[in-house]
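Trainee: So that we are looking at the same thing, I have put the structure below in structure tokens.
No value in this document is a laboratory result; all are computed from the given coordinates. This is a predicted model, so every value here is computed, not measured. Note that we place each Cβ from the backbone using ideal geometry, even for glycine, and neighbour counts take in every protein chain shown.
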Amino acid sequence: ASDNGTEPLPAIDIRARIRDLRWGEERRLRDATMTVKYDDHLIQAMTVDGRLGSDGALGIRYLPGPDGQVLRVSADDFGAILGMSPSRSRVQGGALVVRGLRKNPAAPLEGSFYASNFTLSQAPILARVLQVASLAGIVDALSKKGLVFEAFEGKYAYQDGRITFGKASAYGSSIGVSGNGVIDLVKDTADASGTVVPAYSLNRVLGKIPVIGSLLTGGENEGIFAATYKVEGPIEDPKIQVNPLSALAPGFLRNLFGLGATKEPTLPKP
């Protein structure tokens, strides 16, 4: 028997075909095939293929590799993936790829994610950050037609219900957002900080001016017009701090006014 007095599960191999799986409003997977291998109290291998959204494809692979368990998730409808989760954000379109590696059962799952070409139409926390930063025009676009993003990418580590993310950035023609922090899925809390760069394309063009551009923007991936933010507390209603002074400061001064936005998070230890 296990520590809690129940008999441990035996080794299990599952092969299933699921025509229609639903677990809430807008959370649906169709025409799915699934395989699961469970042994020694752990999922040793899993594959999932199915359709989601209007007609998007989803593929999940969690399989043994030479260095540990390897994860790969691919979907050609990023919005439908978020619709399957409890996220309050609303995304249309986009493609998503998530890669990860768990070196041993006690180690975190670490990897990267990349989403491209999607429209964000609702994002309560981002909307509050933009409001405090006095970026009313972008808030209005977010709530109406949505903001178009070229890419959303970063690094992550997952362990015991906590997602630690670093070097995360999303950017489009009107805005760029960077961030580092921790999301606790067990406690439903967030602790994150980063930078919001309005008129991202303009800042990027300024940064390409030889010599002067790097002085104005503070170097690669920086912007002359930016605001730092910090989000802390319950995900439903976190405390939000925004430093509007940095919206007028060039990149090489921004760290003097920052809220710790450039600090890298500490990834979970194995």
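Trainee: Structure shown: which of Lys37/Lys167; Lys167/Lys230; Lys103/Lys167 lie over 26 Å apart, alpha-carbon to alpha-carbon?
Mentor: Over 26 Å Cα-Cα: Lys37/Lys167.
Trainee: Given the alpha-carbon gyration tensor of segment 39-127, what are the semi-axes of its equivalent ellipsoid in whole angstrom, ordered largest first, with each equal to the square root of 5 times an eigenvalue?
Mentor: Those come to 28, 15, 11 Å.
Trainee: Between Thr33 and Arg162, how high is the FRET efficiency from 1/(1 + (r/R0)^6) when r is the Cβ-Cβ distance and R₀ = 30 Å? Nearest 0.05.
Mentor: Between Thr33 and Arg162 the formula returns 0.45.
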